[in-house]
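See structure below.
Nothing in this text is a laboratory measurement; each read-out follows from the coordinates by a stated rule. From a predicted model like this one, the values you see are computed outputs, not experimental measurements. So basically every Cβ, Gly included, is an ideal-geometry build from the backbone, and we count neighbours across all protein chains shown.
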Amino acid sequence: MPKLKPSTQAARREHILDAAERCFARAGFHRTTMQDICREAHVSAGALYVYFASKEDLIAGISERDRAHLAEQLTEVESAGDLMAALTRLGEHYSLEEPRHKRILCMEIAAESTRNPAVSEIFRSVDRYVTDSFERIFCDARDAGRIAPTLDPQMLAKVIVLIGDGLFWRRAIDPDFDGAEVLPVLMQLVENLVSPVSRQASPELVTGR
């Protein structure tokens, strides 16, 4: 049997991960079997096990793919001229544009992390990465004089992640949730916490000089 080209192997791996995402979001981690994923992806069991030996491996693959995608987005946030505009764009992607089943999948992985040590390590690793990345972004922006938050960057990152968690959870559990309605309010709250310097009153206005 001829060996598949690397590009074909990568495409097949992505295709299997897409199928696993849909299965886990639809039926949950425990109810989904490897055979279910084979059927969803239209591949044989042998083809599936070439890439993933277990459901935990699939979760790891999904999480690593999502982390890589988020890393690209956070790089754009970090280099953006308008930090709040970049953060708003990030919020729009996850609360409006990304398919709802992705939010359901995240909740499923989070729930499984409370029972499964292997999934817990994957989930906690991604969570640490997200929080640490925001902390670095806010620290760099503060040191560059672009923001003047009253919270230190570490605490600011934790609060921002908590706001995101609540938004994602609500979108996952409520099919009638209107992200477009609530996102502007949340972003105003984020702006108050981040406190961009360009939107603050100048020293002359503050002192009356």
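Which value, in debye to the nearest 20, describes the size of the charge dipole of region 1-131 about its Cα centre when Lys and Arg Cβ atoms bear +1, Asp and Glu Cβ atoms bear -1, and nothing else is charged? Mind dumping the intermediate values first?
Details: 18 positive and 20 negative charges, 115 e Å.
In debye, rounded to 20, region 1-131 gives about 560.
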message: Within the chain, which whole H helices from DSSP have a Cα span along their axis of at least 18 Å and a mean Kyte-Doolittle hydropathy of 0.0 or more, if any?
response: 153-173, 179-194
- prompt: How many nm separate the modelled label positions at HIS42 and VAL185, each set 7 Å beyond the Cα in the direction of the Cβ?
  reply: 4.4 nm
task: Distance between Cα centroids, region 46-93 to region 95-172: provide it in whole Å.
output: 12 Å
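Using 0.36 nm per residue, how much length does the chain from LYS3 to ASP176 gain when fully extended, once their Cα-Cα distance is taken away?
Values: separation 173, 0.36 × 173 = 62.28 nm, distance 4.73 nm.
Here the answer is 57.6 nm.
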- request: Could you tell me which of ALA27, ALA71, THR88 has its Cα farthest along the dipole of the chain towards the positive end, charges placed at Cβ (Lys, Arg +1; Asp, Glu -1), taken about the Cα centre?
  value: ALA27
- request: Jot down the per residue volume, in cubic angstrom and as a whole number, of the convex hull over the alpha-carbon atoms of the chain.
  value: 132 Å³
task: Please work out how many pairs of lysine residues in the chain are eight or more positions apart (or on different chains) and have Cα atoms closer than 26 angstrom.
output: 4
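By count of other Cβ within 10 Å, fewest leading, how are THR32, THR131 ordered?
Numbers: THR32 20, THR131 16.
Ranked by crowding around the Cβ, least crowded first: THR131, THR32.
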